Amino acid sequence: AQSVTQLGSHVSVSEGALVLLRCNYSSSVPPYLFWYVQYPNQGLQLLLKYTSAATLVKGINGFEAEFKKSETSFHLTKPSAHMSDAAEYFCAVSTAGANSKLTFGKGITLSVRP
Amino acid sequence: GAGVSQTPSNKVTEKGKYVELRCDPISGHTALYWYRQSLGQGPEFLIYFQGTGAADDSGLPNDRFFAVRPEGSVSTLKIQRTERGDSAVYLCASSLVRGAYEQYFGPGTRLTVT
């Protein structure tokens, strides 16, 4: 069984400030981890993924995440927020099992203040 | 190239009616997934196809839900005797093969049962 916890439902930052979105996972086998972004009225878009290679993963739009096995975490960061980063962000976990279905967290809404 | 497409984009139906939701995956993608996203929640897995067969339907909530993929490409999610609790956004995703490959999501079908 696998699960994802995203604490808090809403994060608000000022433009130019650090973005930190937290994700903790639970998995009985080595996980694959993903961050997806969902803009209003659009589908989910992959930001980045961890698949057992480098623990620091760089994605699109300046985002990155670090896999920390000891903390069972995969937090998403961006050094400087932009207004266009306002969206909903989902962390998801899967495994190299039979179907690799994604198990998502509840999501975090990121707001960026001018 | 074309992404995952889903039709209709919106569907309003009355309680008790039958609905079909269609998904056109990216050409060549053998794996196809259906998820359901309720308001304020992350997507939840419904069913996974590898080719024409449903390899895992453990996420289907009850026997009113059924999905097919007869030729290994287009898939249809069918809901009988719809209930108000079925109202959600139904998302389809496809990937090249199972495993660590990225799942590409469609824009979803918003189903409203009145």
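The values are calculated or read from the model by the stated rules, or taken from the named source; none is laboratory data. As the structure is a computational prediction, the values presented were derived from the model and not from experiment. Every residue, glycine as well, gets a Cβ built from its backbone with ideal geometry; the counts of neighbours run over all protein chains shown.
As for the range B:74-95, it holds no residue that is assigned to a loop (DSSP other than H, G, I, E, B), under 19 Å from A:K101 (Cβ atoms) and at pLDDT below 95.
For the range A:93-114, give me the residue count where each residue is in a strand (DSSP E or B) and modelled with pLDDT of 95 or more.
Pass one, the range A:93-114, residues in a strand (DSSP E or B): A:93-95, A:103-104, A:108-113.
Narrowing further to those that are modelled with pLDDT of 95 or more: A:104, A:108-113.
The total comes to 7.
Going residue by residue through the range A:52-75, is there one that turns out to be within 17 Å of B:G42 (Cα to Cα) and small (G, A, S)? Scanning the range A:52-75 turns up no residue that is within 17 Å of B:G42 (Cα to Cα) and small (G, A, S). Each residue in the range B:96-114 was checked for being of a type in the set (S, T, Y) and not in a loop (DSSP other than H, G, I, E, B), and 3 pass.
Checked against the criterion of being polar (S, T, N, Q), closer than 26 Å to A:N41 by Cα and in contact (Cβ under 8 Å) with a residue 12 or more places away in the chain, the candidates B:T13, B:T30 yield just one match: B:T13. When A:N41 is tested against (1) loosely packed, with under 13 Cβ neighbours inside 10 Å; (2) in contact (Cβ under 8 Å) with a residue 24 or more places away in the chain, exactly one condition is not met: (2). Against the definition (hydrophobic (A, V, I, L, M, F, W, C), within 17 Å of A:R22 (Cβ to Cβ) and exposed (fewer than 12 other Cβ atoms within 10 Å of the Cβ)), how does A:L76 come out, yes or no? The answer is no for A:L76. Residues of the range B:48-73 that are outside any loop (DSSP other than H, G, I, E, B), touching a Leu at 6+ places or on another chain (Cβ under 6 Å) and modelled with pLDDT of 95 or more: B:A67 alone.
Of a type in the set (A, V, I, L, M, F, W, C) and under 24 Å from B:Y90 (Cβ atoms): which single residue out of A:L76, A:L44 fits that description? Reasoning before the result, please.
Numbers: A:L76 fails: under 24 Å from B:Y90 (Cβ atoms).
One residue alone meets the criteria, A:L44.
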